[in-house]
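Single-structure report; data block below.
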Protein chains: 2
Amino acid sequence: MSILRIASAVGLSLAVAFSLSAEPSAAQARKKRPAAVRTLPYAGTAEQLRDRALQGTIAYALVEDITTRFGPRMAGSESERRAAEWGAAKLKALGFDNVAIEDFPLTSWVRVSEKVEIVSPYPQPLVATLLGGSPSTPREGIEAEAVVFETFQALRDAPDGSLAGKIAVVLQPTARLQDGGGYGYASAIRSSGPQVARSKGAAAFVMRSLGTSDHRWAHAGATRRADDVVPSFAVSPPDAEQIRRAARAGTLRLRVNGQAIVPPEGRSQNVVAEVRGRERPEEVIVIGGHLDSWDLGTGAIDDASGVAITTAAAKLIADLPVRPRRTIRLVWWGAEELSQPQPRPGLSGGRDYAARRQASLLQHVIASESDFGAGPVYSLSLPAGFQTGPFVTTVMRVLAPLKITFTTTPATSGGPDVTPLAEAKVPVFRLHQDGSDYFDYHHTADDVLERVDAKKLDQNVAAWAALLWLIADSDVDFRNPPPPPAPAA
Amino acid sequence: MSILRIASAVGLSLAVAFSLSAEPSAAQARKKRPAAVRTLPYAGTAEQLRDRALQGTIAYALVEDITTRFGPRMAGSESERRAAEWGAAKLKALGFDNVAIEDFPLTSWVRVSEKVEIVSPYPQPLVATLLGGSPSTPREGIEAEAVVFETFQALRDAPDGSLAGKIAVVLQPTARLQDGGGYGYASAIRSSGPQVARSKGAAAFVMRSLGTSDHRWAHAGATRRADDVVPSFAVSPPDAEQIRRAARAGTLRLRVNGQAIVPPEGRSQNVVAEVRGRERPEEVIVIGGHLDSWDLGTGAIDDASGVAITTAAAKLIADLPVRPRRTIRLVWWGAEELSQPQPRPGLSGGRDYAARRQASLLQHVIASESDFGAGPVYSLSLPAGFQTGPFVTTVMRVLAPLKITFTTTPATSGGPDVTPLAEAKVPVFRLHQDGSDYFDYHHTADDVLERVDAKKLDQNVAAWAALLWLIADSDVDFRNPPPPPAPAA
């Protein structure tokens, strides 16, 4: 399909939607916008959705409901299960089509207790958490000399066996970047540190939390689950500084104790709901967020916000007098956070979704997850081949007033739970959120409702609703990008 | 003594000090200040001390040492004891006179464990802490229906017996005021709540932490230790909001479990050191901070900062080529935080200091403690009778450049540990610090070195050093204020 066909096709369908749509919003009635004249007609409904979202959506109330009713929602927990059941009922009540709970097996992991202390030279307790999936220490804990590494690379460079019986400590900090790149850069410390420490002979592993604030939160998060790792902990950033100062003063000894259990026969589940397409329902746009959270906080920014943003956006479209041509499929994924015992992969919810749909993956037009907190969207990236042209032009005419820019680098990831789809060549997009403070709170006890601002949440909903409409009511085919332009002579 | 005698007396002594003082500071050498001409000569040393402090003092390093070496320093703990011993050695090394540790008996209290959960309607764990001095719950905890009160007054107004077997919950928030008045207003909830709850028949007491932030910290703090109280907990502010939302949805049931022990034969101690006066050493100005802290954080703002500010200020004066006329006595008080079993009063360190000096209390010219964090000083208040006149004029000429104003309301409190002195009619002053964010962190795990800014600390030192010099090298007698001016005819 050529790009030129998009505009007319979308234009037609949106003209229909527009004529059927509800009365103009109060804001529109107040000021007749001259822009309407200059805007391509098929963007009208998208603009309407955008402006409606900015007047207030159900997103914040959804975050409040999910975090208040269910608190922490660890993958495989009773709480996660109850949240999914409530969610299915809620989505039906909101008018979604084909609501279903799809459950799948999971090896869950339950934190019981954790304690990290400096024994010498300056005895004191530290604020720490057992990494998710870590094996337990012996019941009496592990007390040993600790060796401090300023970077993960320094630990990697330590000779094999050089840490025999000791505790390896990595103090490398996480840089604050708007796009979360600091976390991406440092995350190997958490995923691979326990394995590298063991390969050097260490008895335990302690890392500075992957967090960007200097407040005293320990950040949870998944690590590798395998036989080749040692019990592993994250201390808060101030405690990492305390360890550094203590280590300068003399031989550092730490005592660590972490206990966790792995219940037999764990299960988790995805909740799936649709805004069924009116013309080509088999063509699916997959969106959503993940319902599970870490156990320290109530998962307001990670990821009740993503669930709420995408649900509120789809609900705005479901409330239009006509359904879009294609189907929007909303998923509240389960078990995004918890790694699985090697060699099984993680992202159990995303993988289960994809595995059940092997036969229809080619009909997945595009996919994206909202899983980066509650900060405002600042840019959009689309699949390769769609960095210029009328689709982008129209989309950005609608999104630019939200202070959103267009990123010309093609989207290569649509979020963790759609990774299995991306691996199967389903195109992805990304509405990039400002995550400047996301890793201040990510995976901590402080990830609670107070971290969410309703206005910023609604800016996200506005962007998602407008973009989803423009995709779902078009026949733009991200699976078949236009040929690149001929090279200049 | 008339006020008119002050200027000449102070002027003389300061002229001596000035002529003997060390070479002009680098900053002074760089720019010869024309102000020197217009400044009354006896303020010169005070200005010099002020400017020297702004170039950097030992205060931040002291906070770092105390918090790093000893971590939390609960009243009566081994850690508090070791910090005092280290402090005595440090003060000797810094050149202080008559350094001594004065120890006293204390009924200490040691936290063992604490857990607060919503059982229904929305089961989940909460972030909470057992109040300091609270009795333990039964080993299995207490699970009961909870009754929520929006204010402490509402609990007070509940009929006797109306809470039989239930858990009383007070959700009243703490207002953010620059001078800490919000905490003062709300603090009766913590001190008296457990007693009032019991008087209504309650089995336990849960309060919203006395904290001004909406981050998820539980704030520790002392409550009444007596037979007429129930086990008592503070939840974080976000958890108080969570409780409110849960209670709206149905009958609220909570489960609380707190365990603490009271070791036999507890002791604490004050560390006392002097800058001995050269002319009237028996006349004493008492300053200091408290060395003990709560057990959740490392007591950086409460109160290693106060210890460090006053120590650094006295050290600047001790480093002058002559001692001031009067003695500056620096005290690192012990056991400020922990209440004592009724009917014994708290403030054990402050009371022990005063009790040992009954015979010399009349020779205490003035007293003040720095115990309000690490924020900058914004105003000075002096004892009644000294709201106008040449002493204030001179003092404020030195302090105003530090962005300090003069408060015409007389000082009635000099800080908690000098309360026993104030009760014995020793005059007090106050260098009021900006505490706008003090109760965000006060008594939480987040009270650590990262909360302290060295520049702001040094602004405090500048104010303390200058003021202390002007008091210590004068014979202004705050114990005998001038008669009030005759009423206008």
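The values are calculated or read from the model by the stated rules, or taken from the named source; none is laboratory data. Fair warning: this is a prediction, and the values are worked out from it, not measured in the lab. Neighbour counts run over all protein chains shown; Cβ positions are idealised from the backbone, glycine included. We work out accessible area using only protein heavy atoms, side chains counted, and drop any ligands, DNA or RNA first. Shrake-Rupley method; radii C 1.70, N 1.55, O 1.52, S 1.80 Å.
Might you check whether a residue that is within 14 Å of chain B (Cβ to nearest Cβ), over 29 Å from A:G349 (Cβ atoms) and open to solvent by 30 Å² or more (accessible area, probe 1.4 Å) occurs anywhere in segment A:187-206? No, segment A:187-206 contains no residue that is within 14 Å of chain B (Cβ to nearest Cβ), over 29 Å from A:G349 (Cβ atoms) and open to solvent by 30 Å² or more (accessible area, probe 1.4 Å). Of the residues making up segment A:77-130, just one is within 14 Å of chain B (Cβ to nearest Cβ), within 23 Å of the chain's Cα centre (by Cα), closer than 30 Å to A:V147 by Cα and open to solvent by less than 30 Å² (accessible area, probe 1.4 Å), namely A:T129. With respect to (1) in contact (Cβ under 8 Å) with a residue 12 or more places away in the chain; (2) open to solvent by 30 Å² or more (accessible area, probe 1.4 Å); (3) in contact with a strand residue (DSSP E or B) (Cβ under 6 Å, 6 or more places away or on another chain), the lone exception for A:G141 is condition (2). Among the conditions (1) more than 14 Å from chain B (Cβ to nearest Cβ); (2) touching a residue at least 60 places away in the same chain (Cβ under 8 Å); (3) in contact with a Lys or Arg (Cβ under 9 Å, 6 or more places away or on another chain), the only one that A:A445 does not satisfy is (1). When A:D352 is tested against (1) within 18 Å of A:L467 (Cα to Cα); (2) in contact with a strand residue (DSSP E or B) (Cβ under 6 Å, 6 or more places away or on another chain), only condition (1) is not met. Residues that are β-branched (V, I, T) and within 14 Å of chain A (Cβ to nearest Cβ) within segment B:224-246 comprise B:V235, B:I243, listed in sequence order.
Here A:A312 meets the list (1) over 16 Å from the mean Cα position of the chain (by Cα); (2) open to solvent by 10 Å² or more (accessible area, probe 1.4 Å) almost entirely, failing just condition (2). Those helices (runs of 4 or more DSSP H) of segment A:378-489 in which 3 or more residues are surrounded by 23 or more Cβ atoms within 10 Å (Cβ to Cβ) and among the hydrophobic types (A, V, I, L, M, F, W, C) occupy A:390-399, A:454-472. In a residue-by-residue description of segment A:426-441, the property of being within 14 Å of chain B (Cβ to nearest Cβ), under 21 Å from A:I309 (Cα atoms) and touching a helix residue (DSSP H, G or I) at 6+ places or on another chain (Cβ under 8 Å) applies to at least one position.
Within the set A:L155, A:L210, the sole residue that is surrounded by 23 or more Cβ atoms within 10 Å (Cβ to Cβ), in contact with a Gly (Cβ under 8 Å, 6 or more places away or on another chain) and either within 14 Å of chain B (Cβ to nearest Cβ) or assigned to a loop (DSSP other than H, G, I, E, B) (or both) turns out to be A:L210.
This table checks each residue for (1) part of a strand (DSSP E or B); (2) more than 19 Å from A:D295 (Cα to Cα); (3) hydrophobic (A, V, I, L, M, F, W, C).
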position	(1), (2), (3)
A:A84	no, no, yes
A:G95	no, yes, no
A:N98	yes, yes, no
A:R111	yes, no, no
A:V119	yes, yes, yes
A:R139	no, yes, no
A:V147	yes, yes, yes
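If we keep just the residues of segment A:355-367 that are touching a strand residue (DSSP E or B) at 6+ places or on another chain (Cβ under 6 Å) and not hydrophobic (A, V, I, L, M, F, W, C), which is surrounded by the most Cβ atoms within 10 Å (Cβ to Cβ)? If we take residues in segment A:355-367 being touching a strand residue (DSSP E or B) at 6+ places or on another chain (Cβ under 6 Å) and not hydrophobic (A, V, I, L, M, F, W, C), then A:H364 is surrounded by the most Cβ atoms within 10 Å (Cβ to Cβ).
Tally time: how many residues in segment A:437-455 are closer than 17 Å to A:S370 by Cβ and small (G, A, S)? Number of matching residues: 1. Annotation note: of A:R69, A:R73, the sole residue that is out of contact with any His (no Cβ under 8 Å at 6 or more places or on another chain), within 11 Å of chain B (Cβ to nearest Cβ) and buried (at least 24 other Cβ atoms within 10 Å of the Cβ) is A:R73. Residue-level analysis places B:L361 among those that are over 19 Å from the mean Cα position of the chain (by Cα) and touching a residue at least 12 places away in the same chain (Cβ under 8 Å).
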